[in-house]
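A.B. asks: Pasting a structure below so you can have a look.
The values are calculated or read from the model by the stated rules, or taken from the named source; none is laboratory data. Here the structure is a predicted model, which means the values were calculated and not measured. Backbone-built Cβ (ideal geometry, glycine too); neighbour counts: all protein chains shown.
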Amino acid sequence: MESVIHRLQRMPYGVRFAAKQLLYMAVGLVLSRTRLFGGLPSFAVAFVSSVHGSCTLAACIGAAAGSLLFAPDLLTGLTGAAAVLACGMICFALRAITGVRMTSATAFIVSSLCCVAAGGTMLLAGGFYLSGVLLVLSDGILAGGAAFFFLRAHALQRILRRPAVLYGTEALSLAAAAAILLLSFASWKLYVFVPARAASVLLILLSAYLFAQAGGGAAGILCGAAMEIACGLPGLACCFGIGGLLAGLLNRRGRWAAPACMTVVAGLYPMLSQTNDAVAVFAETALASAAFCAVPTAALQALGRRFTSVLSPESSRSAGVRQQLKTAARAVSSITPYMTEQQLRLGKIPGTARMTRRVRELACEDCAKRELCWKTRESETADALAESFLLLHRKQYLSPDDLPAPLGSDCTRRNMLCASCVQAYEETAQTPYAARGIPEWIEQDPFSAAAALLTDAAEQYGGKRRRLPREKDAAAQVFRASGIAVRAVECIRQDERIVLCATSDPIPDSVNKSALTKRLGKACGCLFALPTLRVSGDALHWQFVQTARFRLRTGAAQAAADGRVCGDYYLTFPHKGRQVFLLCDGMGTGAEAAADAEAAAEIFASLVEADLSFACALRTVNEAMLLREDTESVCALDAVSVDLFTGGATFRKAGAAASYVLHRGKVERMEAPCMPVGILPDAAFRETTCTLCAGDVFVLVSDGTCAMRDDHITRALTEFRGGSAKKLAEDILAHSPNADNAGADDSTVLAVVVENA
């Protein structure tokens, strides 16, 4: 992408100027085709008000010509052309008088007034009526809102010239501008297929890739609303909105998860709206998803670096660090509700043991059958009370007829017992009738103090960066050897990346920036992306940011002991230049083990992503597992982090099975025996490290895959000659000792292949 932009910038000025004029003229012509309310080209008027500089005349000509060509009658066409030209002249005059560019508020006002004035003229000629006035006002509001987004979307010109962070308002404006443009193309059809809808799906997937759930959801709603208006398909905005949101949420699972999720959601749409157009929407979504998958990963990563990953070492990092600490505080404070929800999904109420003791004090202390219930049949009585509390939580009331056996049949104080259950429940639950039926439990949230500490530290803590004097001197020598008069050079390591900044005199056109970037990367011991350049007076400012050297291919295979639910859980996510892999093995097998493993992995991942250290995240997960007072909750946790810049890998284990690394043809066993989480108050990782290179492979397994021998793992790694990581994982699982034993432990294999980026 960078090379294409550089080639465009090297074109002669006259060619670039003519192409830009034709582009603005074409956009104005296309936008004038869309008329939603009163028959005026609102979007074309908004576009003219947002254009600045020498392109205003071209936009006015294109929009005015389109207003005349696509109008239903001559009067409407002349009125639309007049609105466009009036808007262009007013904006040009304002810029000439004030000497500054249009602001969002000014563009909103000018475009709205031009539409209202033109529509009022039409009403004056044809007669005023209430619905006509409302349509004219709607056109004015629509033009003002579109002008607001169009003006902010012009930040794309700055971004295309050099990498820059794309903030939320700019990203939303770009998505809105693209949705409006696609709305103008929605009338073009190929039988029942609308190419604009396929383009909308591509835009949604790209937004989900760059900006996760926020970008995917916003783009989905905007594009879906535009296509629903243009095509008359009810529910399309909801379909695209949900698909974009889920695509953003599942984006970290891999670049294939987002298009697959979008296709599945679109596949449900024909079932709800049984029309040919709904089937066409599904086909268009599948085609666009396939096209997105065909885009090279390197191109998407380059786009992400240009829009979302540019560092600014010269600016203060305190604001960013404060935001990270606030995110950590939110993650910590959400642990107790998450654990509560996990127990509710398993049919258990948090605090059951404490409520049982309270009911025993209130209703059974002086009962004649106390010995029978609490000695002879203690376990049956406790189970019946636990079932009563679950029923009380679901129904929010409890009657004597609802009491399960043996309480419902043998208890002589059923009314008092019901009242005691309600009292114990209300004493334990702070808000027993909270939204979604999930109360906030008193004395069950040990994380509130930690969240408060993180929030307080957010106001004081600042970012840390380390200077690299040796790399600085080497880079200065490379600049001078290339004939560049460098004034100042600074090299730092920040957020696990090396960033090189320099200030120099203007450089001649003969300097090859790509070759210079490679030489600087070799001098600093890393790989740099193409530089960001900024001119300030007679000085040229350079910024080189380290880019990843390796990429990882992942494959997984699982087998459940009971044939239904596997008690292991794995996930992977990027974090500050590293790729983190988690494999959690819940105690036992089946649904409860799977719930424990999922809870441990998701909480650990959220805390690490919130910039807590691995050790701190493990201690927090351990405290969360110890909250389970009704049953023992134990989980073995295996965490591996791989530095994508240097290849350094750290294997952290808490009760997990050994891992295996194939490095330069030799298999190494990475083992660190220690206790799993959920047993002792003090939990800690045991760590081992190694350095990976291209062609290496490492494998994470649960203890069900080893079963006291691992010769099948070492044999599979030794015989591995490249290819699919998933096939390697399936081969290891197929030859595991438990492969033919249905009653054995759950088995999981996670294989990762290291490649050059």
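A.B. asks: T748: among the hydroxyl-bearing types (S, T, Y), more than 21 Å from T572 (Cβ to Cβ) and either in the same structural domain as T646 (by TED's automatic domain parsing) or touching a Gly at 6+ places or on another chain (Cβ under 9 Å) (or both), yes or no? Even if it seems obvious, please write down each step before you answer.
C.D. replies: Numbers: among the hydroxyl-bearing types (S, T, Y): yes; more than 21 Å from T572 (Cβ to Cβ): no; either in the same structural domain as T646 (by TED's automatic domain parsing) or touching a Gly at 6+ places or on another chain (Cβ under 9 Å) (or both): yes.
No; evaluated as a whole, the condition is false for this residue.
A.B. asks: One residue is enough: does the stretch 263-282 have a residue meeting the conditions modelled with pLDDT of 80 or more, of a type in the set (V, I, T) and assigned by TED's automatic domain parsing to the domain that holds Y425?
C.D. replies: No.
A.B. asks: Same structure again: Counting just the residues of the stretch 553-583 that are over 21 Å from the mean Cα position of the chain (by Cα) and of a type in the set (D, E, K, R), which one comes out surrounded by the most Cβ atoms within 10 Å (Cβ to Cβ)?
C.D. replies: D568
A.B. asks: Given the conditions (1) closer than 27 Å to G232 by Cβ; (2) free of Cβ contacts under 8 Å to residues at least 24 places away in the same chain, which single one is not true for L250?
C.D. replies: With (1) closer than 27 Å to G232 by Cβ; (2) free of Cβ contacts under 8 Å to residues at least 24 places away in the same chain applied to L250, the lone miss is (1).
A.B. asks: Here's a follow-up. Can you find a residue that is closer than 23 Å to G588 by Cβ and within 29 Å of the chain's Cα centre (by Cα) anywhere in the stretch 704-717?
C.D. replies: Of all residues in the stretch 704-717, those closer than 23 Å to G588 by Cβ come to 704-710.
Add one more test, that the residue is within 29 Å of the chain's Cα centre (by Cα), and what stays is none.
Checked the stretch 704-717: no residue is closer than 23 Å to G588 by Cβ and within 29 Å of the chain's Cα centre (by Cα).
A.B. asks: Answer yes if at least one residue in the stretch 528-545 is within 27 Å of the chain's Cα centre (by Cα) and over 22 Å from T503 (Cβ atoms), and no otherwise.
C.D. replies: Checked the stretch 528-545: no residue is within 27 Å of the chain's Cα centre (by Cα) and over 22 Å from T503 (Cβ atoms).
A.B. asks: Would you please list the contacts, defined by Cβ atoms under 7 Å and residues six or more apart or on different chains, that run from a residue in the stretch 366-392 that is closer than 13 Å to P406 by Cα to a residue that is loosely packed, with under 11 Cβ neighbours inside 10 Å?
C.D. replies: K369/T412
A.B. asks: Exactly one of (1) under 22 Å from V752 (Cβ atoms); (2) part of a helix (DSSP H, G or I) is unmet by Q558. Its number?
C.D. replies: Result: Q558 passes all but (2).
A.B. asks: Could you look through the stretch 644-665, keep only residues that are charged (D, E, K, R) and at pLDDT 90 or above, and pick out the one that is nearest to the chain's Cα centre (by Cα)? Talk me through it step by step, then tell me what you get.
C.D. replies: Step one: list which residues in the stretch 644-665 are charged (D, E, K, R), which gives 652-653, 664.
If we keep only those that are at pLDDT 90 or above too, we end up with 652-653.
Values: R652: 26, K653: 27 Å.
It comes out as R652.
A.B. asks: Still on this structure, I have one more. Which condition does T376 not pass, out of (1) more than 20 Å from E361 (Cβ to Cβ); (2) hydroxyl-bearing (S, T, Y); (3) over 49 Å from the mean Cα position of the chain (by Cα), if it passes all the others?
C.D. replies: Against the list (1) more than 20 Å from E361 (Cβ to Cβ); (2) hydroxyl-bearing (S, T, Y); (3) over 49 Å from the mean Cα position of the chain (by Cα), T376 comes up short only on (1).
A.B. asks: Ok, one more. Which residue out of S173, S187 is outside any helix (DSSP H, G or I), among the polar types (S, T, N, Q), in contact with a helix residue (DSSP H, G or I) (Cβ under 9 Å, 6 or more places away or on another chain) and modelled with pLDDT under 80?
C.D. replies: On the way: S173 fails: outside any helix (DSSP H, G or I).
Unique residue meeting the criteria: S187.
A.B. asks: While we're on this one: Suppose we keep only residues that are within 16 Å of A83 (Cα to Cα) and loosely packed, with under 15 Cβ neighbours inside 10 Å within the stretch 110-144. Which one would you say is modelled with the lowest pLDDT?
C.D. replies: From the stretch 110-144, those within 16 Å of A83 (Cα to Cα) are 110-125, 135-144; that's our starting set.
If we keep only those that are loosely packed, with under 15 Cβ neighbours inside 10 Å too, we end up with 124-125.
Working: L124: 75, A125: 71.
The extreme case among them is A125.
A.B. asks: Another question, if that's okay. With the checklist (1) at pLDDT 85 or above; (2) within 30 Å of A560 (Cβ to Cβ); (3) surrounded by fewer than 15 Cβ atoms within 10 Å (Cβ to Cβ) in hand, flag the one item M708 doesn't pass.
C.D. replies: Here M708 meets the rest and fails (1).
A.B. asks: Also: Out of everything in the stretch 360-370 that is assigned to a helix (DSSP H, G or I) and exposed (fewer than 14 other Cβ atoms within 10 Å of the Cβ), what residue ends up being nearest to the chain's Cα centre (by Cα)?
C.D. replies: Filtering first and then ranking leaves E361.
A.B. asks: Which ones in the stretch 666-689 are more than 30 Å from E719 (Cβ to Cβ) and in a loop (DSSP other than H, G, I, E, B)?
C.D. replies: C674, M675, P676, G678, I679, L680, P681, D682, A683, A684, F685
A.B. asks: Also: Confirm whether A107 is small (G, A, S) and more than 41 Å from the chain's Cα centre (by Cα). Break it down into steps so the answer makes sense when it comes.
C.D. replies: Details: small (G, A, S): yes; more than 41 Å from the chain's Cα centre (by Cα): no.
No: the conditions fail for A107.
A.B. asks: Could you grab me the full set of residues in the stretch 371-429 that are of a type in the set (S, T, N, Q) and either assigned to a helix (DSSP H, G or I) or within 11 Å of V359 (Cβ to Cβ) (or both)? Talk me through it step by step, then tell me what you get.
C.D. replies: Within the stretch 371-429, the first condition is being of a type in the set (S, T, N, Q), and the residues that meet it are 376, 379, 381, 388, 396, 399, 409, 412, 415, 420, 423, 428.
Passing the criteria: T376, S379, T381, S388, S409, N415, S420, Q423, T428.
A.B. asks: Then there's this: Looking for something buried (at least 21 other Cβ atoms within 10 Å of the Cβ), of a type in the set (D, E, K, R) and at pLDDT 80 or above - is there at least one such residue anywhere in the stretch 193-207?
C.D. replies: yes
A.B. asks: Considering every residue within the stretch 65-72, establish whether at least one is out of contact with any helix residue (DSSP H, G or I) (no Cβ under 6 Å at 6 or more places or on another chain), closer than 18 Å to L181 by Cβ and of a type in the set (F, W, Y).
C.D. replies: Yes, the stretch 65-72 contains a residue that is out of contact with any helix residue (DSSP H, G or I) (no Cβ under 6 Å at 6 or more places or on another chain), closer than 18 Å to L181 by Cβ and of a type in the set (F, W, Y).
A.B. asks: Does the stretch 242-253 include one or more residues that are farther than 28 Å from V580 by Cβ and part of a helix (DSSP H, G or I)?
C.D. replies: Pass one, the stretch 242-253, residues farther than 28 Å from V580 by Cβ: 242.
Imposing the further condition that a residue be part of a helix (DSSP H, G or I) reduces the set to 242.
Scanning the stretch 242-253 turns up at least one residue that is farther than 28 Å from V580 by Cβ and part of a helix (DSSP H, G or I).
A.B. asks: Could you pull out the residue among V640, V697 that is among the β-branched types (V, I, T), under 32 Å from the mean Cα position of the chain (by Cα) and under 12 Å from V754 (Cα atoms)? If you could, list the steps in order and put the result at the bottom.
C.D. replies: Details: V640 fails: under 12 Å from V754 (Cα atoms).
Residue meeting the stated conditions: V697.
A.B. asks: Assuming K727 fulfils every condition listed in (1) modelled with pLDDT of 90 or more; (2) surrounded by 15 or more Cβ atoms within 10 Å (Cβ to Cβ) apart from one, which condition is it?
C.D. replies: Result: K727 passes all but (2).
A.B. asks: Does T718 meet the test of being of a type in the set (V, I, T) and either under 16 Å from E668 (Cβ atoms) or at pLDDT 90 or above (or both)?
C.D. replies: Working: of a type in the set (V, I, T): yes; either under 16 Å from E668 (Cβ atoms) or at pLDDT 90 or above (or both): yes.
Considered against the rule, which asks whether it is of a type in the set (V, I, T) and either under 16 Å from E668 (Cβ atoms) or at pLDDT 90 or above (or both), T718 comes out as yes.
A.B. asks: Condition test on T589, is it surrounded by 20 or more Cβ atoms within 10 Å (Cβ to Cβ), touching a helix residue (DSSP H, G or I) at 6+ places or on another chain (Cβ under 9 Å), over 30 Å from N622 (Cα atoms) and of a type in the set (S, T, N, Q)? Write out each step before concluding.
C.D. replies: On the way: surrounded by 20 or more Cβ atoms within 10 Å (Cβ to Cβ): yes; touching a helix residue (DSSP H, G or I) at 6+ places or on another chain (Cβ under 9 Å): yes; over 30 Å from N622 (Cα atoms): no; of a type in the set (S, T, N, Q): yes.
In short, no.
A.B. asks: Same structure again: Can you pull out every residue in the stretch 49-98 that is of a type in the set (D, E, K, R) and within 43 Å of the chain's Cα centre (by Cα)? Steps first, please.
C.D. replies: Narrowing the stretch 49-98 to residues of a type in the set (D, E, K, R): 73, 95.
R95 - this is the single residue of the stretch 49-98 that is of a type in the set (D, E, K, R) and within 43 Å of the chain's Cα centre (by Cα).
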